[in-house]
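Novice: Have a look at this one before I ask anything.
Read-outs: derived from the displayed coordinates by stated rules, not from any lab. Model, not experiment: these values are computed from the prediction. All Cβ positions, glycine included, derive from the backbone under ideal geometry; neighbour counts span all protein chains shown.
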Ligand code: NAP
């Protein structure tokens, strides 16, 4: 028996990086996976890769900040796959990296819109299907930046702190419905998002990667699969007594 056999999982931001790794691993472990993103080409490729190894997956375009789209597509997914059991709220952006007093309200609200309101909207439209099914698992991607400060990316820190506490509060709201809600807190994981941050630095991408790695006691940055295995555990019934918790996967970053 595979670890998430028979479950339907929706992964937001599933085309690249951590979301891509989660989509592929959940499918390898038996889930039907709805890969959703705003990057259609890369999203289609992930769904094709999954079908290529005999898994079940389909791509849908979902901008998580668009309520009507989230509502319509989640209903389509439940119809197509017969249920909606797991939601991975993974879509996120880094946003501007400036001191707070230099940030415009527009720049601030963009990050909050994707990283916080997107999680709210996807949760809102997944919960009714989970209630119908008698339970479910919602996995929210927060960050080490939702636990500690680093004097960079101000709106990102605020957004990931919000996701941490939304997860706990939602866990309490839906515990009676057997819907579990947990957050994952990755350290730096080498994905397109982080590579883009590296491109903005004067020292260049490779030096940036090394310097980031040295901030983690294990001595290197993580890989998307390091997070995917955590998400697999939280998606599966192995974590049936786990809700409102924080799964920190950070190479020791926050242990210091
Ligand atoms: P990534 O490589 O940028 O992939 C994220 C995907 O989500 C991209 O395809 C992105 O498209 C998409 N996306 C952005 N806004 C969206 C929206 N409104 N609706 C739907 N899709 C959207 O990011 P990642 O590094 O894998 O990060 C995934 C999650 O983990 C994020 O929530 C991030 O904050 C969190 N996280 C990452 C790290 C890390 O070190 N990588 C550490 C801690 C937490 P575009 O490329 O067009 O924006």
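Novice: If I fit a long axis through the Cα atoms of helix 224-235 and take the longest principal axis of the Cα atoms of the chain, what angle between them do I get, 0 to 90°, rounded to 10?
Specialist: With both axes taken from Cα atoms, the answer is about 40 degrees.
Novice: Also, I was wondering about something else. Hey, rough spin-label estimate for residue 110 and residue 200, points 7 angstrom out along Cα→Cβ, what's it come to in nanometres?
Specialist: 1.0
Novice: Need one number: convex hull volume per residue for the range 165-256, Cα atoms only, in Å³. Write out the running numbers ahead of the final one.
Specialist: On the way: hull volume 10.3 nm³, N = 92.
About 112 Å³ per residue, rounded to a whole number.
Novice: Here is a further query. Taking only Cα atoms, what is the 0 to 90° angle, nearest 10, from helix 118-133's long axis to the longest principal axis of the chain?
Specialist: It is inclined by approximately 20 degrees.
Novice: What list do you get for 220, 185, 101, 157 if you sort them by fewest beta carbons within 10 Å?
Specialist: Lowest to highest Cβ neighbour count: 101, 220, 157, 185.
Novice: Which of these, 201, 123, 65, has the largest mean-square fluctuation under a Gaussian network model of the chain (Cα springs below 10 Å)?
Specialist: Fluctuation is largest for 201.
Novice: May I ask you to compute the full-extension gain from residue 214 to residue 63, defined as 0.36 nm times their residue separation minus their alpha-carbon distance, rounded to one decimal in nm? Please list the in-between numbers first.
Specialist: Numbers: separation 151, 0.36 × 151 = 54.36 nm, distance 3.46 nm.
In short, 50.9 nm is gained.
Novice: Related question: Enter the mean projected area of the convex hull around the alpha-carbon atoms of the chain, in nm², rounded to one decimal. Walk me through the numbers on the way to the answer.
Specialist: Details: hull surface 53.9 nm².
Mean projected area for the chain: 13.5 nm², to one decimal.
Novice: At 7 Å along the Cα-to-beta-carbon direction for both residue 98 and residue 124, put a label point, then send me their distance in nm to one decimal.
Specialist: Distance between the two pseudo-spin positions: 3.0 nm.
Novice: To test your reading of the geometry: what angle, between 0 and 90 degrees and rounded to tens, separates the Cα axis of helix 67-81 from the longest principal axis of the chain?
Specialist: Between the helix axis and the principal axis of the chain, the angle is about 50 degrees.
Novice: Mean separation of Cα pairs under 8 Å and 6+ residues apart, divided by the residue count of the chain: what relative contact order is that in percent?
Specialist: Normalised by residue count, the contact order of the chain is 19 percent.
Novice: Expressed in nm to one decimal, what extension gain is obtained for the pair residue 246 and residue 173 from 0.36 nm per residue of sequence separation less their Cα-Cα distance?
Specialist: Details: separation 73, 0.36 × 73 = 26.28 nm, distance 1.68 nm.
Working it through step by step, the gained length comes to 24.6 nm.
Novice: Identify which of 189, 227, 38 has the largest mean-square fluctuation in a Gaussian network model of the chain, with springs joining Cα atoms closer than 10 Å.
Specialist: Largest GNM mean-square fluctuation: 38.
Novice: Taking 22 Å as R0, compute the FRET efficiency from the Cβ-Cβ separation of residue 225 and residue 45 and round it to 0.05. Show your work: numbers first, answer last.
Specialist: Details: r = 18 Å, r/R0 = 0.80.
FRET efficiency, residue 225 to residue 45: 0.80.
Novice: Turning to a different aspect of this structure: Restricting to DSSP H runs of at least four residues, report the calculated mean residue ellipticity at 222 nm for the chain, -39500 (n - 2.57) per run over all residues, nearest 500 deg cm²/dmol.
Specialist: Numbers: 9 runs with 114 residues, N = 256.
Calculated at 222 nm, the ellipticity per residue is -14000 deg cm²/dmol.
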